[in-house]
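Note sheet for the following structure.
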Amino acid sequence: MTFPIRKIIHIDMDAFFASVEQMDHPSLKGKAIAVGGSKERGVVAAASYEARKYGIRSAMPSVVAMKKCPDLIFVPPRFDRYKEISLQIQQIYFDYTDLVEPLSLDEAFLDVTENKIGNPSATSIAREIRERIKNEVGLTASAGISINKFLAKVASDMNKPNGQKTIPPDEVLDFMEKLPIQQFFGVGKKTAEKMIFHGIFTGKQLKEKSLIYLVNHFGKSGKHFYNIVRGIHHSKVKPDRIRKSIGAERTFQKDLDSEQLMIEQIQKVLEKLEKRISEKRAKGRTITLKIKFSDFKVQTRSKTRLHYYEKKEEIYPVVVELLRQEKIEKPVRLLGVTLSNLYTEEKQKSLSVQMKFEF
């Protein structure tokens, strides 16, 4: 084969914003809801699968959506909540690989060619991640697995919602030839119309066009189309910049209503946090305790010192102090601990490069 083989997973949360709202507000489950502005002048930011059956899509004007589904329920967006859930999901990804490239709050690429659990099957890893998201977060996700980012992204749309699709190396070329041009990731409506005008309806017909022909008719994108239909896509999974914090948290099936139970759970959270700190060879000066109550309100309490924390034995008494800082009068749904103001090997290398730079 002429293309490098990597093991890439694309995770895409199912109707993310709408699903979070249905999870947090059980009365909305099974109903057609739209996250967005007002009924009169707003725009749909996201639609539940129940709403999508009526043809409702994101970016659709609210008045149009209401005509399609008069019973549509509009819910104001809560982006802080979506970001909170997104970060919780990303922590699951980091248990498998540090090569994580978030595309948005609800989707990300993972390179698991080499992974932390030593599992050679990217398909198995994707299934395990989806199960953990369901069990630990309460939402469903879909996944695509293949040899590059383009194919993984296309595959993740194949069995939505709550499914996954693997395109193994020996099936790539056949898959691409059969794929309708409208399903090519990155081919928008206008480009698809132009391709159809040129007699290109599937990957097979796209593959029959020469590189010169595609460049002449589609400009710089022509070379990209020429390559992807042959399974060639060199873009690597680009992880985030230097990490600013490391955290761990637990959501409880039953709300905690005693300090002793909370302290017991904090010890479990710290075991996970210490493992992540060790993997990143990091230490930090700020400890933050996150408390989510049964009514989903979130409170954070922090403490910073001049010296660095890196062991759970050092962090534990500070977290207990933060827990007792103010009396907790409501049942607790989630506890999390984050270490920030980090000093990592990655940061050390970055500083070293900066120091060597002459100006």
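The values are calculated or read from the model by the stated rules, or taken from the named source; none is laboratory data. Here the structure is a predicted model, which means the values were calculated and not measured. Virtual Cβ from ideal backbone geometry, glycine too; neighbours counted across all protein chains shown.
Tell me, which helices (runs of 4 or more DSSP H) lie completely within region 196-311 with 2 or more residues that are of a type in the set (G, A, S)?
By residue number, 221-228.
Which condition breaks for R281 when tested against (1) surrounded by 15 or more Cβ atoms within 10 Å (Cβ to Cβ); (2) touching a residue at least 60 places away in the same chain (Cβ under 8 Å); (3) more than 14 Å from A248 (Cα to Cα)?
The failed condition is (1).
Do we find that E84 is among the acidic types (D, E), within 21 Å of D12 (Cβ to Cβ) and modelled with pLDDT under 90 in this structure?
Yes.
Quick one: which of E310, E249 is over 27 Å from D80 (Cα atoms), in contact with a helix residue (DSSP H, G or I) (Cβ under 9 Å, 6 or more places away or on another chain), acidic (D, E) and modelled with pLDDT under 90?
Just a single option satisfies the conditions, and that option is E310.
Kindly indicate the residue of region 148-174 that is free of Cβ contacts under 8 Å to residues at least 24 places away in the same chain and in a helix (DSSP H, G or I) and also surrounded by the fewest Cβ atoms within 10 Å (Cβ to Cβ) among those meeting that condition.
Of everything passing the filter in region 148-174, D170 is surrounded by the fewest Cβ atoms within 10 Å (Cβ to Cβ).
I want to confirm something. Restricting to region 64-81 and keeping residues that are surrounded by fewer than 13 Cβ atoms within 10 Å (Cβ to Cβ) and modelled with pLDDT of 90 or more, which single residue is farthest from V20 (Cα to Cα)?
It comes out as K67.
Conditions: (1) crowded, with 19+ Cβ neighbours inside 10 Å; (2) without any contact (Cβ under 8 Å) to a residue 40 or more places away in the chain; (3) under 20 Å from K153 (Cβ atoms). A108 meets all but one. Number of the miss?
Answer for A108: the failing condition is (2).
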